[in-house]
1. With 47, 55, 103 as the choices, which residue is closer than 24 Å to residue 215 by Cβ and touching a helix residue (DSSP H, G or I) at 6+ places or on another chain (Cβ under 7 Å)?
2. Name, by its number, the condition in (1) within 27 Å of residue 226 (Cα to Cα); (2) in contact (Cβ under 8 Å) with a residue 40 or more places away in the chain; (3) surrounded by 15 or more Cβ atoms within 10 Å (Cβ to Cβ) that does not hold for residue 49.
3. Kindly state which helices (runs of 4 or more DSSP H) lie completely within segment 170-233 and contain at least 3 residues that are surrounded by fewer than 16 Cβ atoms within 10 Å (Cβ to Cβ) and not assigned by TED's automatic domain parsing to the domain that holds residue 120.
4. Can you tell me which residue within segment 152-169, out of those that are in contact (Cβ under 8 Å) with a residue 60 or more places away in the chain and either on the phi > 0 side of the Ramachandran plot or assigned to a helix (DSSP H, G or I) (or both), is nearest to the chain's Cα centre (by Cα)?
5. Among 89, 77, 65, 11, which is within 15 Å of the chain's Cα centre (by Cα) and surrounded by fewer than 22 Cβ atoms within 10 Å (Cβ to Cβ)?
6. Kindly check whether there is at least one residue in segment 127-142 that is under 21 Å from residue 28 (Cα atoms) and surrounded by 15 or more Cβ atoms within 10 Å (Cβ to Cβ).
């Protein structure tokens, strides 16, 4: 698959002096699922906002290319029209509007004949949205709101779908439903860039992953490679932990290799 998104040594600043991203580079290939993992404060959300053009005059340095064209520092509406759709952590719904009205906004400006088919696709993915089409978005559960945000994004026909912490605050059963839907969205041909703290769930569906800490990519690899990495197992997957020394007189933690 070809490279859809290419980020080269970008630096993003807040208040012109606080570095949130330091020389960060990554690539996202077409029709695959990529995940960026890391703790709170690592800069994951800042990365997505920088790509989407939501941070004025950022990145301060470096380049972002989408489908071979430079997009860094373009207005967010231009980036969206190119086919990059961002679902934020707070889901960005119009809470006072109904489910159907929120979905209709995802089709804003579309004049193609595929709208009906796309509605059928999202209703097959999330049947509850069809059942509650006349219900206000703010009355939905957290999981249903996440489904609505994803469905609206799909109706925009994205080439790259970016999601920020889609499992946040969801019960495990609902989170698995959301991630199963992401697999179906990927199979339909949409490239996905996923930011998560739930490493187990993200690596279950991802083709490739990046580990991000303090604004930098510290490790990258296929999902299988990351799952088998001892540092990732201990720090992100809850495997391992403190070990007894060979002499048996103290406990210690394995030092990470990045």
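The values are calculated or read from the model by the stated rules, or taken from the named source; none is laboratory data. What you are looking at is a predicted structure, and each value in this text was computed from that prediction instead of being measured. Note that each Cβ is placed from the backbone with ideal geometry, even for glycine, and that neighbours are counted across all protein chains shown.
1. One residue alone meets the criteria, 55.
2. It fails just one condition, (2).
3. Helices (runs of 4 or more DSSP H) meeting the threshold: 172-187, 223-228.
4. Taking the candidates together, the pick is 165.
5. On inspection, the qualifying residue turns out to be 89.
6. no
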